[in-house]
Amino acid sequence: MEVDFVSPSTPASPIPLLFIHGMWGNSSQFYEWIEFCHNSGIIAYAVNLPVKAGASIHDYAKAVESVIAVIGPVILVGHSMGGLVAQIVASRNTAVQKAIFIASAPAKGTKGKFLLNPFFWFHPTYLWAMLTGKLFKLERSHALRYVLNGLDREVAAQTFDSGGMESGRVLREIAIGVKVGRITCPTLVIGCEKDRILPPSLQDNIAILYQSDMILADTGHTVQLEDYNEKVIGAIIRWARR
């Protein structure tokens, strides 16, 4: 597992941010936000989750906790699947001071009906991955339509090309539902108005579950790569410093 790190250009705030990417993602998706943190006096880390065939979302949570064991108290910032990882870690690790869930996958018990987009259930590649736990990747057309729809076409293509594989077991766990314990630290949920895979209505229900603060961004799912992203990371930092 790799962890990217940046120290700030001005005296640091006492608690660092730890970014957790989503499916098919990596730490490079947060480089602009890490640079923003650098210029704002925030220590920031971004983890590359240890993706492999048969990996569970709880394996990812343990990996994040191994980072926390080294760096100490943190504010978690999880995007998409990483948002669910952040929920799991925040529910059981007292070193998490605050947690932010961006366009997050839901935990079991989140109000409202959540179903994966039909192409996951009926597409043979995705269904086989869920059944076997093998590594898989979204088809380009699906990624561009559902996950990268808010991005400039060239940026979306580059993001898809640089993206990795994902464990089918993790997709199955999200589809079935992952139980998360009680979260006692302050939480913020960020929904994305143009999100076609984990829409704002679902983010509203996550916020209700955890009694979270809520922000709605005028973006697609992959907000950290959109032109609007500096406003979002700015809002995250302001909330984190409260």
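Each reported figure results from applying straightforward, stated rules to the coordinates on display, with no laboratory input. Note that this is a predicted model, so its numbers are computed, not measured. Virtual Cβ from ideal backbone geometry, glycine too; neighbours counted across all protein chains shown.
Observations
- Total charge dipole magnitude, region 2-240, about the Cα centre, Cβ charges on Lys, Arg, Asp, Glu only, Debye to nearest 20: 1000 debye
- Per-residue extension of 0.36 nm, minus the Cα-Cα distance of residue 62 and residue 7, leaves a gain of 17.4 nm for this segment.
- Most positive-pole-ward Cα, 102, 47, 167, against dipole of region 2-240 from beta carbon charges: 167
- At q = 0.16, 0.18, 0.20, 0.23 Å⁻¹, base-10 log of I(q)/I(0) for region 97-218 (Debye sum, equal scatterers on each alpha carbon): -0.88, -1.08, -1.23, -1.35
- Segment residue 179-residue 208, length gained on full extension (0.36 nm per residue, minus Cα span): 8.8 nm
- Relative to the longest principal axis of the Cα atoms of the chain, helix 153-162 runs at roughly 90 degrees.
- Long-range HN-HN contacts of residue 219 with modeled amide H, under 5 Å: 193, 194
- The mean sequence separation of alpha-carbon pairs under 8 Å and at least six residues apart, normalised by the residue count of region 2-240, gives a relative contact order of 21 percent.
- Label positions at residue 94 and residue 31, each projected 7 Å from the Cα along the C-beta direction, are separated by 3.9 nm.
- For region 2-240, the fraction of alpha-carbon pairs lying more than 22 Å apart is 48 percent, rounded to a whole number.
- Between helix 81-92 and the chain: long-axis angle, C-alpha atoms, 0 to 90°, nearest 10: 60 degrees
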